[in-house]
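Below is one structure, written out as structure tokens; the observations come after it.
Derivation of every value follows stated rules applied to the coordinates shown; laboratory data play no part. If you're wondering where the values come from, they're calculated on a predicted model, not measured in any experiment. When we count neighbours, we look across all protein chains shown, and the Cβ atoms used for this are built from the backbone with ideal geometry, even at glycine.
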Amino acid sequence: MDLKNYGFLEIDHEKLDATGTPYKVYAELLDSTSQEQFADVLAQPYVTYGALMPDAHAGYTMPIGGVCATNGVIVPQFVGFDIGCGMCAYKTEYTKDEVEDVAEIIYNRIVDTIPLGFSRHKNHQPFKYELPLTDFAKMVLESTGLKQLGTLGGGNHFIEIGYGADEKVWIVIHSGSRGFGHKIASHYMLQAYLLQNPTEGKLERIVADWEERNVKFKEANPEGYEKALKKFTLKQTEEINKKMKIDNIKGIYGLETETELGKAYITDQNFALNFALENRKRMIEVIHTIMNEVTGKTYETAFDNETHFINKNHNHAEYDEVRGEWIHRKGATHASSGMMGVIPGNMRDGSFVVCGKGNSDSLHSSSHGAGRVMSRVKAKKSVSLEAFESSMKGITGTVDMNTLDESPFAYKDIFEVMKLQEDLVEVVEHIKPLINVKDNAKQRY
């Protein structure tokens, strides 16, 4: 694939070198926007190192496929909106033949059972959790998050059922923390911005006005007053978040990790990571149940064996004890030595189970997929449904006009991408798809 035909350019190392921050780029060519974004990331005073994976392309503030280390600062923008978005791969006892013969039935059952896109469950889903979360995150969880557990989402999120070299069937899920994680991310991105632009949010003035109006309430019922103040503050915070459009905010805004706000983001980010994992596991259980019902088998699921169950998210920030710094991965898979991971390709070419090599030049990271070469708008204008259908022969999938932007032609060649990161990961298994489910904008819930 000649990326120059898609507007990708030679890497401007002079611009990147001028930042004075060491870096490594594994992509051969990059679009101009991602190069500008990466230079802006490297120019931040708290960024000590950066890397771009071979699937890198433009994102919001930081390129997707970007990794960086920071000293004393955590940056919500460097994690992104879908906190904990990632991959789960579960190896089943099914064989290729058992599933292939009933692929269409399984596909239809999945589409009818699991909410896709913006759909959600009608009722709150039970969720027992032990991790702490802030009052704001709890409010979001209880208002919308609990209806989104076990739902796929849209865009490039998918459910894939495929087989490996031994013809045993895998269930592969790409999904994240849904609207719950998006609200958490947006909240802290705005809070980081408002720290440097305090007059725009005006939360303190709004709360102060409320306190002045409720002096007698405070004197008469201190406990009730505190509860009401907390509820009012959370509500006003949510209203400010809605009014301020995060996409219009220019610049990079971090949070010092030892501040109250920095600690709050870390707490809620970690909770969202767990939420995203639980989301993927619930879909695997539903899919496995459907496969049992369709085939008449009685296989059970178990998530305690990494040989059969792999989970790796690719949107997170975590503290590195060795470096004493925070590693941010935005569309990049953690690939420490011996660490198992999953890298998807596209609807046609399936996914790769990999083992990390612990390369320090990439901050122990690898790509999170193939990476787009076409925007969604361009793909829908450029790719024909006939070509899409032809490329997906033998695979039961969501192939229609609504998913042209997810056709194999919208992405880089995954096999070329895997070659570019041979120093980062070793391929353990190539999962070839039998079924691929995506949101096709035909909502059922």
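Worth a mention:
- Here, region 103-171 is characterised by an Rg to Rh ratio of 1.10, where Rg is the alpha-carbon radius of gyration and Rh the Kirkwood radius.
- Qualifying GluC sites (Glu not before Pro) in region 1-45, DSSP loop, other Cβ atoms within 10 Å at most 15: 10, 28
- Which of 88, 68 has the fewest Cβ neighbours within 10 Å, and the rest in rising order: 88, 68
- Of the trypsin sites (Lys or Arg not before Pro) in region 161-262, those whose Cβ has at most 16 other Cβ within 10 Å and which sit in DSSP loop: 202, 245, 250
- Neighbour counts of C-beta atoms inside 10 Å place 118, 409 in the sequence 118, 409, starting with the fewest.
- DSSP H segments from the chain that extend 30 Å or more along their own axis, Cα-based, with Kyte-Doolittle mean of -0.5 or above: 260-295
- Computed over the chain, the Cα gyration tensor eigenvalues convert (square root of 5λ each) into semi-axes of 37, 29, 20 Å, ordered from largest to smallest.
- Amide proton proximity set for residue 313, modelled H, under 5 Å, gap of 5+: 87
- Of the GluC sites (Glu not before Pro) found in region 254-295, those that fall in a DSSP loop while having at most 14 other beta-carbon atoms within 10 Å are 258.
- Sorted largest first, extent of region 3-79 alpha carbons per principal axis (Å): 41, 24, 16
- Debye log10 I(q)/I(0) for region 302-445, one point scatterer per Cα, at q = 0.14, 0.17, 0.21 Å⁻¹: -0.75, -1.01, -1.26
- The H on the amide N of residue 429, modeled in the peptide plane, is under 5 Å from the matching H of 353, each at least 5 residues off or on a different chain.
- Taking amide H atoms as placed 1.01 Å from N in the peptide plane, the amide H of residue 25 lies under 5 Å from those of 52, each 5 or more residues away in sequence or on another chain.
- Note on 365, 143: ascending count of other Cβ atoms within 10 Å places them as 143, 365, the fewest first.
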